Amino acid sequence: MKLKKFIIIAGNYGSGKTEISLNLALAAAREGKRTMLLDMDIVNPYFRSSVKEEELEAEGIRVVKPCFANTTVDVPSLPAEIYSPFDLPLDRAIFDAGGDPVGASALGQLHEKFAAHESETEFLYIINAMRPMQGNSDEIIGMLREIEEASKVRVTGLVNNTNLAAQTAVETVIEGQRILEEVSAKTGIPQKGVAVREDLAVQAAGLLPGKEIFPVRIFLRPDWLDETE
Amino acid sequence: MAKKLMKGSEAIAEAAIQAGCRYFFGYPITPQNEVPEYMSRRMPQVDGCFLQAESEVAAINMVYGAAGAGARVMTSSSSPGISLKQEGISYIACAELPCVVVNIVRTGPGLGGIQPSQGDYFQATKGGGHGDYHLVVLAPSSIQEAADMVMEAFDIADMYRNPVMILGDGMIGQMMEPVEFHQPPKREIPEKTWAATGWDGTRERAIINSLYIEPEVMQVVSDRLQKRYELIKQNETRVEEYKMEDAEYCIAAYGTTARVAKSAVNKAREMGIKAGIIRPKTVWPFPSEAFCKAADQVKGFLTVEMSAGQMVEDVRLAVNGKKPVEFYGVMGGFLPTPNAILEKLIQLKEGK
């Protein structure tokens, strides 16, 4: 995927935006890019990108997270460092946004920065059509518009990441693709790619010719979870 | 409805709606906020009522009222919030009303933390509120099971006119797994002739009450409740056994902990240690018989909990001294790891 300097990753909870953010950050760092990952989710208490902070920092990625993330304090506040990507010498900053309008509202305070760097900013909206109340294009567009309004930033690209966790089959991805294409047709927002668990990437590429496939390694699910399903 | 990838809290909420629940009264608290959040979006779609109460105390009393009118009703909270509801739960139990109460357990005591725990086992199974009563307590270990149990919980509640609790640790509330909704096996549920739905002169007046001043009457009510609990024990005790056929060591675990334990048992088996799991799916009634029977087969038990050791007391009562019952617990909001459980199994085997 040809990517810009500032990447906002948003989508409904369970769309897979945090896994995608982690993968994008690691891919950038491994290409030698000066990378920052900003965990902007002020709502979700579990399964956040910053729980992998140690591993990410070991790869040279600067992690910025809410002041009380991963503690037992449930206070939604972000550090001033969220403004730093626009001033620091940096090649890539990935903003992992919250998964609903409330969670995504934290992005809103940066909207003037994103506007000032419009040509360098990409706002990717991640779609998982297997999530409840996100199973058709109208429901997805409704959530997308609410998140846009809360974040005060317009989505520039759609990514199909339709999955059922360990039970994902390539058919799951194809079903999501059909729904995403409807979303794209109705909104005029172009598709930027298909994110798919790495073991399904080759199969998905065969069935979706011409689509950019982004293989995803799963970081946040504990091993025992899917072993004992 | 086709398979969906759902957070436990969302699946619990949708399952309630699928089971015909049209009234939800709650108050937000992490890690179960997605239950009220989901209900607030979904209830209007099915002409139901979502109401965010001014407090947990208010919410449980709204449940009391709706249940008294014969409605399928649910409330949901997490540990400190469930403590606030206890008076109302005891009233509902005494008034013999069906309802479903969800507790997505976080660490305690006190306000504690927002990470997963199983520290509310005593509260859920031994009373919680005052007086001689029991809740039926279902403890799911996957999101699918959480959905299935919620749907069945409404039937169990109606069947026995008794509140049913879904006891899930924070992981059950927060993790995501694929879910399908199936109606539970059909039960003969008695008509709610006791419900206070307005008197038309053709029947006895329905009175919803938990106050019995005359000792003779209180005794009758108490006896009726105790008889009902015996019936529930006979009919509703649920347990899963995993690789117990030839097991020499038995892990006792419920909820998410049982999932981690399964992984540990698989590793132990690879090393030639014959381990199995007895997983209570109902923690009240407790499946004592399964443990009692296993005590004649295995060399020892290991109870694993995200607590200082609560269910272990019921395991010890059931095993009744026949075999050693060891305990491994983690607190603070951490999950046990498969390797840590495996290590404890090895210690049990080596008699350390």
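Summary table below
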item	result
Longest segment of chain B lacking GluC sites (Glu not before Pro) that sit in a DSSP loop with at most 16 other Cβ atoms within 10 Å	B:55-179
Within the stretch B:1-103: Cβ-based charge dipole about Cα centre, in debye rounded to nearest 20 (Lys, Arg +1; Asp, Glu -1)	360
Antiparallel DSSP beta bridges within chain B, as percent of all bridges there, nearest 5	25
Gain upon complete extension [B:Thr337, B:Ile189; 0.36 nm per residue less C-alpha separation]	49.1 nm
Calculated from backbone phi, Karplus (6.51, -1.76, 1.60) coupling profile of the stretch B:203-211 in Hz, x at Gly/Pro	9, 5, 5, 8, 10, 9, 7, 10, 10
0 to 90° range, to nearest 10: angle between helix B:56-68 axis and chain B longest Cα axis	60
Simple Cβ-charge dipole of chain B, Lys/Arg +1 and Asp/Glu -1, about Cα centre, in debye nearest 20	660
Fraction of beta bridges assigned by DSSP in the protein assembly as shown that are antiparallel (%, nearest 5)	15
For residues of B:28-40, the mean tally of beta carbons on other chains within 10 Å	2
Expected 222 nm ellipticity per residue - DSSP helices of 4 or more, -39500 (n - 2.57), all of chain B, to 500	-12500 deg cm²/dmol
Peptide B:255-267, shielding by other chains (average Cβ, 10 Å cutoff)	3
Burial order of peptide ranges B:169-178, A:87-96 (average beta-carbon count within 10 Å, highest first)	B:169-178, A:87-96
Mean residue ellipticity (222 nm) of chain A, computed from DSSP H runs ≥ 4 via -39,500 (n - 2.57), nearest 500	-9500 deg cm²/dmol
Contact order relative to length of chain B, as percent, for alpha carbon pairs under 8 angstrom and 6 or more apart	17
Contact order normalised by residue count of chain A, Cα under 8 Å, 6+ apart, percent	22
Nitroxide proxy distance, nm - points 7 Å out along Cα→Cβ at A:Arg217 and B:Gln297	4.2
Cα-derived Rg over Rh, computed across the protein assembly as shown with Rh taken as Kirkwood radius	1.00
Relative contact order [Cα under 8 Å, 6+ residues apart], the stretch B:234-352, whole percent	29
Alpha-carbon centroids, the stretch B:263-333 and the stretch B:87-122: separation in whole Å	23
Whole-Å distance, taken between Cα centres, linking the stretch B:218-257 and the stretch B:152-212	19
Where a label projected 7 Å from the Cα of B:Lys126 along Cα→Cβ would reach, residues of the stretch B:312-331 with amide N under 11 Å	B:312-314
Long-range Cα-Cα pairs in the stretch A:6-227 (distance over 26 Å), rounded percent	32
Shielding by other protein chains, B:2-10, mean Cβ within 10 Å	6
In nm, spacing of pseudo-spin labels at A:Lys5 and A:Ala116 (7 Å Cα→C-beta vector)	1.2
Span from the the stretch B:16-39 Cα centroid across to the the stretch A:157-206 one, whole angstrom	30
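Throughout, read-outs are computed from the coordinates displayed, never taken from laboratory work. Just so it is clear, the model here is predicted, and its values are computed rather than measured. Glycine also receives a Cβ, built like all others from the backbone with ideal geometry; neighbour counts cover every protein chain displayed.
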